[in-house]
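The values are calculated or read from the model by the stated rules, or taken from the named source; none is laboratory data. Because the structure is a prediction, the values reported are computed rather than measured. So basically every Cβ, Gly included, is an ideal-geometry build from the backbone, and we count neighbours across all protein chains shown.
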Amino acid sequence: MEIQKVGVIGAGQMGNGIAHVMALAGYDVVLNDVSQPALDSAMSLIHKNMERQASKGKISDAEVKAALSRVIPSLTLADVGATDLVIEAATERETVKQAIFDDLLPHLQPHTILTSNTSSISITRLASRTDRPERFMGFHFMNPVPVMQLVELIRGIATDEPTFKACQEVVARLGKTSASAEDFPAFIVNRILMPMINEAVYTLYEGVGSVKSIDESMKLGANHPMGPLELADFIGLDTCLAIMNVLHDGLADTKYRPCPLLTKYVEAGWLGRKTQRGFYDYRGEAPVPTR
């Protein structure tokens with residue numbers, strides 16, 4: 001089946017990035033959200049990010065204009081049902097995702113493939129709530145979507161081969177690389193990345209090092225482009241905690257126990273860059289460590 005029209009549910013950080021790359025690759029995109037201000041913000045950001053790419057010579061002004069014309073913002077889930085591929089990119093809460101798929105099902109075409117951009121939740125469990133578990137899989141982009149080259153493709157227990165191949169072809173058309181992952185908690189990237197971030201928070205919690213020394217040590221000592229605490233702020237501490245809880249609950253191993261300090265920051269509403277405070281305070285001209 002040839003995919004021509006893509007529905008993206010959720011116009012936040014991940015959703016607008018997914019709409020951006022899909023439109024540039026020539027797909028018609030329906031970008032859906034429950035909030036008109038969120039849609040307006042997403043369209044503005046997509047335009048701004050494409051203009052930045054054009055200013056660097058990565059794409060032409062004509063490509064920007066053509067891609068923007070392919071993105072149709074919508075507050076109505078029924079509009080998403082008319083697409084060939086749906087990518088759900090709502091908040092990382094299973095109940096929210098299940099409710100979206102429940103509401104979407106009556107509007108879908110028989111051939112439509114359903115996917116989720118979840119970074120940790122069971123694909124098999126999400127698929128089981130739909131009428132097409134064989135045409136359901138995980139389609140996990142990395143953040144920021146226009147920049148990062150990897151897409152994790154996660155099969156549920158029922159996902160069939162034509163669905164996997166169709167999604168693999170979409171990733172190739174985007175100019176990105178797909179990695180096939182099995183449906184276990186947090187898949188590949190976050191199964192490895194989140195415990196490292198959690199361990200960095202423990203290192204801070206136990207007083208082994210300060211925020212600055214931990215991040216500098218990993219940047220200069222392990223050649224990481226970003227320190228683990230800086231990266232946690234970029235991802236969102238609430239997302240990091242949610243993934244650690246999925247790992248801890250799903251694998252029942254104490255090595256995945258979220259650090260109490262991570263929980264405390266989330267309870268305080270210090271979620272990282274998006275709230276202006278996390279392991280760094282972003283309210284001034286330069287980020288300042290909060291511990």
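Quick check, is VAL64 buried (at least 16 other Cβ atoms within 10 Å of the Cβ) and without any contact (Cβ under 8 Å) to a residue 24 or more places away in the chain?
Values: buried (at least 16 other Cβ atoms within 10 Å of the Cβ): yes; without any contact (Cβ under 8 Å) to a residue 24 or more places away in the chain: yes.
Considered against the rule, which asks whether it is buried (at least 16 other Cβ atoms within 10 Å of the Cβ) and without any contact (Cβ under 8 Å) to a residue 24 or more places away in the chain, VAL64 comes out as yes.
So which of ARG173, ARG135 ends up being basic (Lys, Arg) and under 20 Å from ILE9 (Cβ atoms)?
Working: ARG173 fails: under 20 Å from ILE9 (Cβ atoms).
Result: ARG135 is the single residue among ARG173, ARG135 that is basic (Lys, Arg) and under 20 Å from ILE9 (Cβ atoms).
When you go through (1) in contact (Cβ under 8 Å) with a residue 24 or more places away in the chain; (2) touching a Phe, Trp or Tyr at 6+ places or on another chain (Cβ under 9 Å); (3) closer than 21 Å to ILE46 by Cβ one by one for LEU75, which number turns out not to apply?
Condition (2) is where LEU75 drops out.
Go through segment 177-201 and count every residue that is among the charged types (D, E, K, R), crowded, with 16+ Cβ neighbours inside 10 Å and either farther than 30 Å from LYS5 by Cβ or free of Cβ contacts under 8 Å to residues at least 60 places away in the same chain (or both). Before you say what the answer is, go through the steps one by one.
Filtering segment 177-201 for residues among the charged types (D, E, K, R) gives 182-183, 191, 199.
When the remaining residues are screened for being crowded, with 16+ Cβ neighbours inside 10 Å, the result is 183, 191.
Next, from what is left, pick out any that are either farther than 30 Å from LYS5 by Cβ or free of Cβ contacts under 8 Å to residues at least 60 places away in the same chain (or both): 191.
Residues in segment 177-201 being among the charged types (D, E, K, R), crowded, with 16+ Cβ neighbours inside 10 Å and either farther than 30 Å from LYS5 by Cβ or free of Cβ contacts under 8 Å to residues at least 60 places away in the same chain (or both): 1 in total.
Within segment 87-110, is there a residue that is within 14 Å of ASP28 (Cβ to Cβ), under 22 Å from the mean Cα position of the chain (by Cα) and not acidic (Asp, Glu)?
yes
Could you grab me the full set of residues in segment 83-117 that are modelled with pLDDT under 95 and touching a Leu at 6+ places or on another chain (Cβ under 9 Å)?
Result: GLU94, single match.
When you scan segment 94-114, do you find a residue that is buried (at least 19 other Cβ atoms within 10 Å of the Cβ) and small (Gly, Ala, Ser), even just one?
The answer is no; no qualifying residue exists.
Could you check, for segment 123-132, whether at least one of its residues is more than 18 Å from the chain's Cα centre (by Cα), in a loop (DSSP other than H, G, I, E, B), within 22 Å of PRO260 (Cβ to Cβ) and at pLDDT 95 or above?
Scanning segment 123-132, I find no residue that is more than 18 Å from the chain's Cα centre (by Cα), in a loop (DSSP other than H, G, I, E, B), within 22 Å of PRO260 (Cβ to Cβ) and at pLDDT 95 or above, so the answer is no.
Taking segment 67-86 as the search range and keeping residues that are surrounded by 19 or more Cβ atoms within 10 Å (Cβ to Cβ) and of a type in the set (Val, Ile, Thr), which one is farthest from THR163 (Cα to Cα)?
VAL71
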